[in-house]
1. If ligands, DNA and RNA are left out, what is the accessible area of A:His55 with a 1.4 Å probe, given in Å² to the nearest 10?
2. Please give me the summed charge of the neighbours of B:Ile293: other residues whose Cβ is under 15 Å from its Cβ, Lys and Arg +1, Asp and Glu -1.
3. Can you return the lysines within cross-link range of B:Lys209? Criterion is Cα-Cα under 28 Å, with same-chain partners fewer than 8 residues away left out.
4. How large is the accessible surface per residue of chain B, computed with a 1.4 Å probe and reported in Å² as a whole number?
5. Of the heavy-atom accessible surface of the range A:28-111 (probe 1.4 angstrom), what whole percent is carbon and sulfur?
6. What do you get for GluC sites (Glu not before Pro) in the range A:66-108 restricted to DSSP loop and a cutoff of at most 15 other Cβ within 10 Å of the site's Cβ?
7. If we count GluC sites (Glu not before Pro) as exposed when they sit in a DSSP loop and have at most 14 other beta carbons within 10 Å, what is the longest stretch of chain B that avoids them all?
8. Using a/c under 1.5 as the rounded threshold, could you call the protein assembly as shown rounded, prolate or oblate? The axes a ≥ b ≥ c are square roots of the C-alpha gyration tensor eigenvalues, and prolate needs a/b larger than b/c, oblate otherwise.
Amino acid sequence: MTINSHALVIALAAMTSACSGAQSGGNPLLSGMENPSETVLEGCAIAKQKCTRCHTMDQLLAAKIATPDTWRLYVHRMRLMPGAGIREQEEPKIVQCLVYRSFGNEGLATLKGQAK
Amino acid sequence: MRVVLILISLLGLLGSAEAEERDRNFAGSVQLDYLAVPTEDVGRDRGLDGATVELSLKLAIDFNDQVSSNVKVCVACHGLEVGMAFFDLRSSDLLNFRVGRFTPQFGSFPLRHDPANHRTSDKPLPYDMGRMLRTDEWNMSILPTPWVDNGVEVSGTKFTGDSTRFDYALYAIGGPKASSGADDFDFIQSRSRDRYYVDNNSRPSIGAKLGTSFDLTDDLSMAFGLSGMAGHYDPDNDLSYQILGADLQLRFKRIYWRSEYIVRRTEMALGEDPSTRFKYGPGADGEFDPYFIKDGFYTELEVPLTDDFDVIGRWDGMRRLGNVVANSPLRSESAVLRYTAAVAYRLSMGLRIKSSIEFYDFSDFEDETALHLALAGPF
């Protein structure tokens, strides 16, 4: 059994640099937000915890959504995914977080079919 | 050329989406992974080592609350594949019809199969699709993921109480394929355009999944599921298979513990002279057993140390019980266990570096070590 030392060194170096580079931070969904409401804050906290059950937070951060209502439909579809674990009352809060992140207060105002 | 045309079509749809302000979402992900086998001078003898790219481009359209559609194309080791092309017709939370090309509901991991969704470079052994070492000798895994097929799926969710829900799914799909007289699935044939994307035996495979999830506290939740699939895989409709699975997931805050078990019972063609076709002779009753069992498991712990840094530990394995063809390097009882330690670090805006070390413990071959280094992210 021979060990290719190059490959081992590369992998260990990558792990070490990743470990040393790890920093704690807040909720990435809140980055760039100005004065979010309590509901938005709560929704973002729920999204951070529940959405990562199936995918990384990066999916949310990278999403390019056309309209506020798209987020509403999208989150509803995700809540119906098997084992999603998102409660009914949590769905509109997550939507508010994501709409505010994408469209600000104007987006919240145009949300259809749910209370602001 | 075909790839270019499809990309142009997708971008065209994206462009019109912006113009019409329709409820459309375009998303994608890329992973570049390098697999090294430091215990071998030439890793290719043990598996598909080296660099692989997995690209997915997905367009989701919500026409309204009841109708949505998803189209996803992927480019990976197999070249261009259509991973999704289906409509969802939802009359209520309890009743949804999915029609088209999709991954039927089975187990838990297939939901997270996209490399941008799971923290390790590769998949658990029972769901591996060619990245495990000794993949040829083992004829890959039990249910390579994503298992994409044509068919129809009826599914739904019943919410009870504050946090408890029950999910179900029933489906009929083309099913796995192989040639007449086969001794196992032929995974290449199952996805090959040369055989067309149609059922090979005029009999759909059927399957179902039942699941439940509930919150024990605000921070602690649990999900559990049972899955099954059955049918015939040869053109003559003679060779049967059944797959059963159980999955369990516990979440404490953002720490996840996931476990699954899958077992497949597969019928082999005995042929005209089984004594020369197979490695082992008949049983005590003088008859050759035409079935083999392939089962496997994984259990993994995913711990986010910070928002950017995840640590993952996984233990998985596979076993094959039953007769084997005469030239197989496996025995009547073969097993592989694998131990994985992995980290994933978010660099910026979704770009994530993943690295893992895997120790393979084979019952029939020398033990091996594998290293993964990957860059992955959604866009």
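The values are calculated or read from the model by the stated rules, or taken from the named source; none is laboratory data. Because the structure is a prediction, the values reported are computed rather than measured. Note: ideal-geometry Cβ built from the backbone for every residue, glycine included; neighbour counts use all protein chains shown. What goes into the accessible areas is simple: the full protein's heavy atoms, side chains included, and nothing from ligands, DNA or RNA. Shrake-Rupley method; radii C 1.70, N 1.55, O 1.52, S 1.80 Å.
1. Roll a 1.4 Å probe over it and A:His55 shows about 30 Å².
2. Net charge around B:Ile293: 0.
3. Candidates past the 8-residue exclusion: A:Lys48, A:Lys50, B:Lys58, B:Lys72, B:Lys123, B:Lys158, B:Lys177, B:Lys253, B:Lys294.
4. 42 Å²
5. The C+S portion of the solvent-accessible surface of the range A:28-111 is 51 percent.
6. A:Glu88
7. Longest stretch, sites excluded: B:22-271.
8. Verdict is prolate for the protein assembly as shown.
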